[in-house]
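Read the figures in this text as sums done on the coordinates, not as results from a lab. Fair warning: this is a prediction, and the values are worked out from it, not measured in the lab. Reconstructed Cβ throughout: ideal geometry from the backbone, glycine too, with neighbour counts over all protein chains shown.
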Amino acid sequence: MPSQAPLENVTSQRNDYRSWPVSPVHKPARPGWAGSAGPLETETTSHGAYQNRGMPPRFVRPAQAYQTSGAPMEDQTTARTDYGHWKIGARPAGRHAPAYASAADERDFASTTRANYVAHDAGQSYYRPRQERALPPSVRFEGESTVTAAYKPWAIPPRFQRERAGYQPSRDPLEGQTTYGANYVSKTVDRYIRPPASYEAPATTFEGESTHHHDYVAKGAPQRRGNFAPQYRYNAGQDDRDFATCTKTAHDSKPMPVCPAAEWAPFEHERHPDGHVFLHTPLTATAPGR
């Protein structure tokens with residue numbers, strides 16, 4: 001949060017770094033370039049030194065021709081001589097397990113349906129003509145169908161319904177005792193309240209040192225370290241930091257009347273483009289050093 005105090009007329013930055021009167025440097029006019037009017041008739045050094053010598057053709061090794069031998073091929077080659085047919089003796093007979101022979105099983109694993117229904121050859125298939133759908137006649141049927149004659153309504157008598165029995169409470173008062181009243185008798189429950197324990201200090205004074213007092217020694221309250229982290233807001237009344245950089249701390253302000261170059265300005269006689277300055281009279285012994 002910026003400070004609410006009013007800004008002074010001249011800041012420290014403006015007071016320390018003032019503008020110096022610097023005279024402009026006059027550069028002499030550069031002469032224009034004057035080229036030759038005609039073409040160059042002689043040979044340049046570059047053209048004489050770097051001449052086209054040509055490039056020799058690239059050497060290509062010719063392919064070697066295959067020379068066939070005129071001698072006939074021998075019957076036995078080195079491969080046939082090295083890798084010959086070796087005779088391997090018969091392996092001695094050892095103990096072998098007898099050949100497996102399954103028990104005679106006449107089951108064909110066919111189900112009853114598969115055994116009863118044998119597939120027959122249907123022979124040549126024939127074309128079945130399309131059947132036309134017969135629509136019901138438009139004339140009303142006046143007779144009696146077999147369904148109507150067989151299924152006729154029966155005369156079933158109504159079901160006998162017994163009247164619901166009504167509860168009639170007795171008007172005479174109950175003079176005896178019910179089973180509920182005999183089994184469930186009210187019992188009193190006594191609540192026990194435990195009295196609080198009271199501490200009774202001994203009458204004698206403890207003159208020794210307890211283990212708690214010996215082990216746990218008071219070390220004092222912990223001190224909080226200073227927080228130098230950047231704050232979220234700036235408080236002008238509590239933050240005393242000057243926010244000065246290393247350059248501003250090392251280089252103090254130099255006023256203009258005290259600067260040695262200010263005393264040489266009236267004696268300036270001549271200034272060259274390279275920066276050299278010549279004065280009217282030589283500096284006296286009291287003049288500041290260069």
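Each residue in the range 26-68 was checked for being among the basic types (Lys, Arg) and either closer than 30 Å to Asp274 by Cβ or surrounded by 10 or more Cβ atoms within 10 Å (Cβ to Cβ) (or both), and 2 of them qualify.
Counting only helices (runs of 4 or more DSSP H) that sit completely within the range 115-226, zero hold 3 or more residues that are of a type in the set (Lys, Arg) and out of contact with any Pro (no Cβ under 8 Å at 6 or more places or on another chain).
Assess whether Ser46 counts as being in a loop (DSSP other than H, G, I, E, B) and among the polar types (S, T, N, Q).
no
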